[in-house]
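To start, the structure under review is shown below, and the notes come after it.
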Amino acid sequence: MTAARPSDAGRPSLRDLAYETLRRRIIEVELQPGERLVERDLATELEVSRIPLREALRLLAAEGLVVLVPHRGALVAPFTPGDVRDLFDVRESLESLAARLAAERADEDGLARLAAGLDAAREATRAHDRAAIAATNASFHTDIVELASNALLSGVMRPLEARMHWLFRLTAQRDPDRQCAEHERMYEAIAARDADLAARLAHEHVADGRATSLALAERWSLPDIDPEAVAARRRRGRGDGGRGDGGRGDGGRRDAGKQAGPEA
């Protein structure tokens with residue numbers, strides 16, 4: 001059975017609060033790929049019991065951000081080069097379709113929202129705000145999917161959104177000015193109702209980042225990680241032989257998210 005998504009109405013539940021907090025920390029690389037998630041520590045830190053925490057972890061696992069190992073525990077998903085490759089394979093096809101449909105179906109209000117998002121991305125780029133660059137560029141892609149007005153496409157893309165945000169935070173070598181310029185051309189094609197051009201530009205935009213992202217993934221990912229071995233380790237500082245790597249088996253590589261920053 002698929003885990004339910006966080007509620008959108010009313011007061012957030014403890015599960016939702018834990019989910020949103022951990023999701024943000026994973027996407028912003030405060031929690032590193034491959035890092036063990038110790039339930040006792042997280043429950044204390046987030047001031048929740050283990051039941052809503054486990055529900056939150058199941059939601060994160062459904063998004064591909066967490067790996068759950070039966071009877072062992074949980075860890076942040078390693079996000080290997082193979083995962084990055086798979087994500088680009090899907091994005092190249094689905095985002096070009098989304099851009100085509102957006103050009104055919106977007107109304108004036110939708111185009112205004114897309115333009116406002118571009119303005120925010122330009123401001124973030126001018127300010128060299130790396131976190132804001134990643135967030136606004138990722139939102140641009142999400143907005144195009146919404147403008148496509150295709151419920152099935154939105155449902156397929158929704159589980160990928162978190163991994164896309166995560167990827168944009170982990171890839172640092174792409175030029176934000178170039179990304180912004182490419183987004184502007186995509187917007188112009190959509191606003192001009194040129195569906196063929198919008199689809200082609202979207203495909204080229206996604207494909208353009210594939211090689212760089214895969215090269216970076218070879219640096220910061222943990223391709224040989226054994227989730228069961230990581231989850232089986234005792235709490236940090238006890239069963240890891242004093243390595244001080246938080247149970248990731250990466251030799252203490254806490255700078256992965258710093259070396260790989262937030263471009264979309």
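Descriptive notes on the structure:
- Only the Cβ atoms of Lys and Arg (+1) and of Asp and Glu (-1) were treated as charged; on that basis the dipole of the stretch 57-211 about its Cα centre amounts to roughly 660 debye.
- Between Arg219 and Arg193, the contour length at 0.36 nm per residue exceeds the Cα-Cα span by 5.3 nm.
- For Arg200 and Ala116, the difference between the fully extended length at 0.36 nm per residue and the C-alpha to C-alpha distance is 28.0 nm.
- Karplus-derived 3J(HN,Hα) values for the stretch 91-96, using 6.51 cos²θ - 1.76 cosθ + 1.60 with θ = phi - 60°, are 4, 4, 7, 6, 6, 5 Hz; glycine and proline are entered as x.
- Whole-Hz couplings from phi, Karplus 6.51/-1.76/1.60, listed for the stretch 66-77; x for Gly and Pro: 9, 10, 9, 10, x, 6, 10, x, 9, 8, 4, 4
- Within the stretch 1-133, the percentage of alpha carbon pairs spaced more than 18 angstrom apart rounds to 68%.
- For Ser213, the accessible surface of its heavy atoms amounts to roughly 0 Å² (probe 1.4 Å, protein chains only, rounded to the nearest 10).
- Å² per residue, accessible surface of the stretch 104-183 at 1.4 Å: 45 Å²
- Taking amide H positions as modeled 1.01 Å from N, with prolines and chain starts lacking one, the residues under 5 Å from Glu35 and 5 or more places away or on another chain are Val76.
- Label-to-label distance, nm, for residues given as Glu123 and Leu152 (7 Å Cα→Cβ offset): 3.9 nm
- Overall, the stretch 122-171 carries a charge dipole of about 180 debye about its Cα centre when +1 sits on the Cβ of Lys and Arg and -1 on the Cβ of Asp and Glu, all other atoms neutral.
The values are calculated or read from the model by the stated rules, or taken from the named source; none is laboratory data. Predicted model only: the values in this text are computed from it and were never measured. Note that each Cβ is placed from the backbone with ideal geometry, even for glycine, and that neighbours are counted across all protein chains shown. Please note that ligands, DNA and RNA were not included when accessible areas were found on the heavy atoms of the full protein model with its side chains. Shrake-Rupley method; radii C 1.70, N 1.55, O 1.52, S 1.80 Å.
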